[in-house]
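Presented below is the structure to which this report refers.
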Amino acid sequence: MSIDSTIKENRGNIVIVKYNAGNIQSVLYALERIGVNAIVTDNHEEIMAADKVIFPGVGEASSAMNSLKENNLDAVIKELKQPVLGICVGMQLLCTFSEENNTPCLDILHQPVKLFRPEKYSKIKVPQIGWNTLYDLKSPLMEGLAENSYCYFVHSYFVPLNEYTIATTNYVQPYSAAFNKDNFYGVQFHTEKSSVVGERILKNFIEL
Amino acid sequence: MEQNINSSGASQSPFRGGGAGAEGFAKRIIPCLDIRDGRTVKGVNFENIRDAGDPVELGAFYAEQGADELVFLDITATVEKRKTLSELVNRIARYINIPFTVGGGVSSIDDASVLLKNGADKVSINSAAFRNPQLINDLAKEFGSQFVVLAIDTRLEDDGEWYVYLNGGRIKTQAKTIDWAKQAVDLGAGEILLTSMNHDGTKQGFALDITSVLSDLLPVPIIASGGGGTMPHFVDVFTKGKADAALAASIFHFKEISIPDLKSYLKEQNIHVRI
């Protein structure tokens, strides 16, 4: 696996949104491995002034939304004009609504977040835990990646395919592994745990 | 697309064992590192590793070789040593770019929370969960089922039943493995790490029967452990054993099987793996 994820152009200050997401430390370290120093903050001015914003997520949708609302971060994120990268539950919260505890979300991408419902005979297990392939890659976020590159997924809910899908994965059915609408990007997999492929995607985001 | 990397060729290697709708989903190979006082034990035999006792260096080597996850088991976890463990977990998260599970002495939300905050992706619980099943439920509610791996040490007895053992296999219980695994999943365990004491250390192959029974019965992934000695054993555990992942320690540490060779072999045998 040879992939160059060394940052060539570190464009300005990178902010990770601080709320109750569990994987912030891992995202911070992944950025460090590719040579990027990010700050973790819930300060509105610092987030709005950032050149790039990363919106991580591990956990349950309604408690994540509540945590955002406590600090009015929901309103701040919706107004952002710079590139924003939602990871896993962070991606899902950018959508309209999640079936996970019937949670209204930020409605930036007008899509529902649905539960995997495999046919019983299929023996497909939920949550999906493990490595799966990305295909039909589009967008500069996926630059340098081969079709069928592997990323690490841990989730029970998914964003359906839509006109903004920039990478597809198949589990139970094909769905959006990643999307890009305007300045908002979302990835369902964990870039911070997806070996060199994930590090390359983070590098691509930083260099957008 | 300036550079092509990590081409998997999903078309050449249809996913087997998962049925329709998961063609790209890979079976996982998981090296296990036993840790004592922040160092790997049981020994390793690698010329290309500067310090074979450093779990981070060894883990990073396996990650580079294509391991899909790592398990770190702290075999002497005591209260005094907990700081050592949390510092180690933090270093692992910092330098290793694949998911990892930490086990050993986790018996409360607080224990797990420290590991999560330092970057562990999952915790493995065993005896403490058996003695206090509510722990599974508490951890799943607090951190999600994907964070909770239930480890079971099991032995096939003369009566033909698989029983649960505690304290690293030293204490027998009257609980049958199938019953305990089912209860644990109902309580919120997200994966089962099943070690057959009959097979562990023998290098004669994994416990295919109990692994496949659990895999058919339970809606969560099964990680098979104990007995992997040759590459065909891994084929068997993914096909006949229907395991989602296979874990091994000494065969990797002593270079009896290298992960790249194993994965190439599995792919030739039409097992879908990440290469």
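The values are calculated or read from the model by the stated rules, or taken from the named source; none is laboratory data. All values derive from a computational prediction rather than experimental measurement. Positions of Cβ are generated from backbone atoms using ideal geometry, with glycine treated the same way; all protein chains shown enter the neighbour counts.
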Item to complete: Identify, from the list A:Ile129, A:Ile24, the residue that is crowded, with 19+ Cβ neighbours inside 10 Å, over 14 Å from the mean Cα position of the chain (by Cα) and at pLDDT below 95.
Response: A:Ile129
Practice prompt. Mind listing just one residue for me: the one in the stretch A:139-165 that is away from chain B (no Cβ under 13 Å) and not hydroxyl-bearing (Ser, Thr, Tyr) and, of those, surrounded by the fewest Cβ atoms within 10 Å (Cβ to Cβ)?
Written response: A:Glu163
Practice prompt. Go through the stretch B:94-129 and give me each residue that's surrounded by 24 or more Cβ atoms within 10 Å (Cβ to Cβ), more than 13 Å from every other protein chain (Cβ to nearest Cβ) and more than 14 Å from the chain's Cα centre (by Cα).
Written response: B:Val106, B:Ala129
Worksheet item: A:Ala61 is checked against (1) over 16 Å from A:Val187 (Cβ atoms); (2) touching a residue at least 60 places away in the same chain (Cβ under 8 Å); (3) in contact with a Lys or Arg (Cβ under 9 Å, 6 or more places away or on another chain); (4) not basic (Lys, Arg) and fails just one. What number does that condition carry?
Response: (3)
Practice prompt. With a cut-off of at least 2 residues that are crowded, with 17+ Cβ neighbours inside 10 Å, name the strands (runs of 3 or more DSSP E) lying wholly within the stretch B:152-258.
Written response: B:162-166, B:191-196, B:222-225, B:245-248
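So is A:Glu199 at the interface with chain B (Cβ under 7 Å from one of its Cβ atoms) and either surrounded by fewer than 23 Cβ atoms within 10 Å (Cβ to Cβ) or assigned to a strand (DSSP E or B) (or both) or not? Outline the logic, then answer.
Working: at the interface with chain B (Cβ under 7 Å from one of its Cβ atoms): yes; either surrounded by fewer than 23 Cβ atoms within 10 Å (Cβ to Cβ) or assigned to a strand (DSSP E or B) (or both): yes.
Yes; evaluated as a whole, the condition is true for this residue.
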Fill in: All positions within the stretch B:131-147 that are free of Cβ contacts under 8 Å to residues at least 40 places away in the same chain and closer than 15 Å to A:Pro127 by Cβ
B:Phe143
Worksheet item: For the stretch B:189-245, how many residues meet the condition of being among the polar types (S, T, N, Q), under 23 Å from B:Asn167 (Cβ atoms) and without any contact (Cβ under 8 Å) to a residue 40 or more places away in the chain?
Response: 2
Item to complete: Kindly indicate which of A:Ile47, A:Ile54 is part of a strand (DSSP E or B) and touching a residue at least 24 places away in the same chain (Cβ under 8 Å).
Response: A:Ile54
